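S.K.: I'd like to ask you about the structure that follows.
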């Protein structure tokens, strides 16, 4: 929703004012944070527009008691360089990050996670297979463009940054094919726990209750 990087000032102002209302909606339902993407524009002043908008929105978030999260989700947040610049200009506890393990551009996953992990408030995880080394591969948009990243490496970067938030599973697959989605979620939770145990040399437990709001705490 909205385009913070947009070049038309009247449209951008309408977008910003509309987005402000979501902080109060989030507060009403006891949500601690909302995510707002940077939007798309590629002129030399795009970063300044996004930073100004994020600052204005983060101030509203502070008033409402709801944090503003930036995810690596295209536009000026597509690459670690853009993510780093946004975070450098907004040193506020009310402006935090929400890394998505599978949204980084090719060959930028590790650098991107290192940028976002220290400021992460939440993290989206996509599981495409259950490889023991954590290597994930998938056909991006089912068009033959194969993408990959290492989930174990991503989790290690989060741990090294002392990340204490949830791992929110956005995509999961069952360990055995042709099983239902609930099995896939259970298998993904166990897979994450196994990877975390290899990183930390500890065991984890997770009780499955509401599959619509699953998380695994580091």
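S.K.: Tell me the Kirkwood radius of the chain: reciprocal of the mean inverse pair distance over distinct alpha-carbon atoms, in Å.
M.R.: For the chain, the Kirkwood estimate is 18.2 Å.
S.K.: Hey, another quick one. Taking only Cα atoms, what is the 0 to 90° angle, nearest 10, from helix 46-64's long axis to the longest principal axis of the chain?
M.R.: 80 degrees
S.K.: Right, next: Treat the count of other C-beta atoms within 10 Å as a stand-in for reagent exposure and order 94, 138 from fewest to most. Display every interim value, and only then the final one.
M.R.: Numbers: 94 20, 138 17.
Lowest to highest Cβ neighbour count: 138, 94.
S.K.: Using helices alone, what [θ] at 222 nm do you get for the chain, with -39,500 (n - 2.57) per DSSP H run of 4 or more residues, divided over all residues and rounded to the nearest 500?
M.R.: -13000 deg cm²/dmol
S.K.: Give, to the nearest whole percent, the P(r) tail of the stretch 96-211 beyond 21 angstrom, counting all Cα pairs.
M.R.: 35 percent
S.K.: Helix 151-160: angle to the longest alpha-carbon principal axis of the chain, degrees 0 to 90, nearest 10?
M.R.: Relative to the chain, helix 151-160 is tipped by roughly 60 degrees.
S.K.: Let me ask something additional. Name the shape class, rounded, prolate or oblate, that the alpha-carbon gyration tensor gives for the stretch 1-102, where a ≥ b ≥ c are the square roots of its eigenvalues, rounded holds for a/c under 1.5, and otherwise prolate holds if a/b is larger than b/c and oblate otherwise.
M.R.: oblate
S.K.: I would also like to ask the following. Considering only C-alpha atoms, what is the centroid distance from the stretch 36-74 to the stretch 95-130, in Å?
M.R.: 18 Å
S.K.: List 68, 105, 196 from most exposed to least, where exposure is judged by having the fewest other Cβ atoms within 10 Å.
M.R.: Listing 68, 105, 196 from fewest to most nearby Cβ atoms yields 105, 196, 68.
S.K.: Mind sorting 13, 119, 35, 198 by how few other Cβ atoms lie within 10 Å of their own Cβ, fewest first?
M.R.: 13, 198, 35, 119
S.K.: Continuing with this model, one more query. Taking the 0 to 90 degree range and rounding to the nearest ten, how far is the long axis of helix 9-28 tilted relative to the main principal axis of the chain, both from C-alpha atoms?
M.R.: Approximately 50 degrees, to the nearest 10.
Any read-out appearing in this document is the output of simple, stated calculations on the displayed coordinates, not a laboratory observation. The structure displayed is predicted, hence computed values, not measured ones. Cβ coordinates were reconstructed from backbone atoms using ideal geometry, including for glycine residues, and neighbour counts include every protein chain displayed.
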